[in-house]
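Here's the structure, in structure tokens; my notes come after.
The values are calculated or read from the model by the stated rules, or taken from the named source; none is laboratory data. As the structure is a prediction and not an experimental result, all values here were calculated from the model. Note that we place each Cβ from the backbone using ideal geometry, even for glycine, and neighbour counts take in every protein chain shown. The protein model used for the area step is the full one, side chains on, heavy atoms only, and it has no ligands, DNA or RNA in it. Shrake-Rupley method; radii C 1.70, N 1.55, O 1.52, S 1.80 Å.
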Amino acid sequence: PDYYTYDEITEKYRLTKINISYYVNKYDIKRFKQGSRTMVLRSEFDKVYIEHRDGTYTPRNGKRKANLAKRNLCNP
């Protein structure tokens, strides 16, 4: 399967639903609803969780760089 349910993540990583929601929202992990279940893309969640746990996570998009550029424009 390509997707986890929250229950499967809880069983595998011992995370609470609040912790899972934090990762999914903070790191913009792809998800969708199937009936009453929220399905989370397995490969993205595993990658983000492992990198975050190991301290090697780097943002995948340029949000951080864009914010730095705006700050430099405001404070020359």
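Here is how the numbers come out for the structure above:
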read-out: Accessible area of E11 in the full protein assembly, 1.4 Å probe (Å², nearest 10); value: 140
read-out: Potential lengthening between N19 and D46 on full extension [0.36 nm per residue; Cα-Cα distance subtracted]; value: 8.3 nm
read-out: Calculated on alpha-carbon atoms, Rg and Dmax of segment 9-56 in Å; value: 10.5, 35
read-out: FRET efficiency estimate (nearest 0.05) - Cβ-Cβ, T58 to E8, R0 25 angstrom; value: 0.45
